[in-house]
Amino acid sequence: MSIAHNMAATTATASAQATASAQDSGRRGGTRRHSDPMTGLSGPAARTAPTLTVLSAGVAVSVQDLGRPGFAHLGVPASGPADRRSFTLANRLAGNPENTPALEVTLGGLTVTTTASRHVAITGAPGPVTVDGVRRADPTLVRLRAGSRLTIGRPWAGCRTYLAVSGGIETDRVLGSVSRDSLTGLGSEAVRAGTTFGLGPARPVPAIPLELAFSIVPTAGEVTARFRWGPRHDLFSAADRRRLATQTWRVSAACDRVGARLTGPPLSVGSVDLASEGTVRGAIQVPPAGEPIIFLADHPVTGGYPVIGVVTDADTDLIGQALPGHGLRLVPVP
């Protein structure tokens, strides 16, 4: 059972209250109303505006930008890409501002086509990329001709790949963001085969040496993530704190955009009588069973289990790329 399923109830009420105002915000934001069943556009734009159509969506594809921070008091997580570093790199390569909407592809399986020729940038988890069935030796930046089909296969390292199109993807915004939040359901609809997006005006592609434009994803061996103690580390015994920081944990199958549950000899803290507190991305929460959970992009905004530490902001991107079975060492930093 996914972490998202377990935790959905913790924010459902607050999120439902936010949804009405959020969707209204999206409507007031002047986003394009779609009506054409093929292009998703209306009026003259339906005949002229470039589009991107998803032909196959694989396991999970979502539209992301840098999220909607600042709404935790409404029960709304920030969301955004699980690996922000790879996401922003894709947009820079495509000539877009870093917050431009792009696709997050989990475990490959995406095929898209566009009605206009565009540069597309592919970053994050590396894997096979083909254009009209022909393998691309270096798919970091591809000039995709109108009508061609681009396919991203299953990655051989990491789990999340990012596809940014020059000009960006256009879709409705909720609370100022297009990001699909898997916990609350806010943001763009889930991407499926047949989903069509409008594209913004093409932008000049900067001359960046592609050999310097690489993503950082886990490969073989252990992942090392830095963390800082607190805010509730004093509720844990010295043996528990030592165990957290010295043993090798493994990422379990219960990992998604909400968080990653770790397995290993459990901590002995047990059940702690603690009022719900605010949580942040990277928080290491320890339920009574003693196996830590690291919160990721779509984490709940509150939690009632003690947080023994918080993974550094940079290293949460690395955990967002970790697969079940990956070894993980948590290293405390001052």
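Can you run phi through the Karplus equation (6.51, -1.76, 1.60; θ = phi - 60°) for the stretch 325-334 and list ³J(HN,Hα) in whole Hz, with x for Gly and Pro?
With the stated coefficients, the stretch 325-334 comes to x, 4, x, 9, 10, 9, 10, x, 10, x Hz.
Return the long-range amide H neighbours of LEU141 (sequence gap of 5 or more, or a different chain), with a cut-off of under 5 Å between placed amide H atoms.
Residues meeting the criterion, in which the H sits 1.01 Å from N, are ILE122.
Please list the non-local residues whose amide H lies under 5 Å from the amide H of ALA283, H modeled 1.01 Å from N, same-chain partners needing a gap of 5 or more.
For ALA283, the qualifying residues are PHE295, VAL311.
Using the Karplus curve 6.51 cos²θ - 1.76 cosθ + 1.60 with θ = phi - 60°, what ³J(HN,Hα) values do you get for each residue of the stretch 247-260, in whole Hz, with x for Gly and Pro?
Each residue's phi maps through the Karplus curve to give 8, 8, 8, 10, 6, 8, 6, 7, 9, 7, 6, 6, x, 10 Hz.
What whole-number value in Å² describes the accessible area per residue of the chain for a 1.4 Å probe?
Using a 1.4 Å probe on heavy atoms only, each residue of the chain averages 43 Å².
Could you tell me which of SER188, SER237, VAL251 has its Cα farthest along the dipole of the chain towards the positive end, charges placed at Cβ (Lys, Arg +1; Asp, Glu -1), taken about the Cα centre?
Most positive-ward Cα: SER188.
Test of understanding: given the chain, find the longest segment containing no chymotrypsin sites (Phe, Trp or Tyr not before Pro) that are in a DSSP loop and have at most 14 other Cβ atoms within 10 Å.
Longest run free of exposed loop sites: 1-155.
With all protein chains present, how much of the accessible area of the chain (probe radius 1.4 Å) comes from carbon and sulfur, to the nearest whole percent? Please list the in-between numbers first.
On the way: 7860 of 14210 Å².
Looking at the chain in its full context, I get 55 percent from C and S.
Tabulate in residue order the Karplus-calculated ³J(HN,Hα) for the stretch 108-118, using 6.51 cos²θ - 1.76 cosθ + 1.60 with θ = phi - 60°, rounded to whole Hz; enter x for Gly and Pro.
Those phi angles translate into x, x, 8, 10, 10, 9, 10, 8, 9, 5, 8 Hz.
Amide H to amide H, which residues 5 or more places from VAL76 or on other chains are under 5 Å from it, using H placed in the peptide plane?
none
The values are calculated or read from the model by the stated rules, or taken from the named source; none is laboratory data. This is a predicted model, so every value here is computed, not measured. All Cβ positions, glycine included, derive from the backbone under ideal geometry; neighbour counts span all protein chains shown. These accessible areas exclude ligands, DNA and RNA; they are computed on the full protein's heavy atoms, side chains included. Shrake-Rupley method; radii C 1.70, N 1.55, O 1.52, S 1.80 Å.
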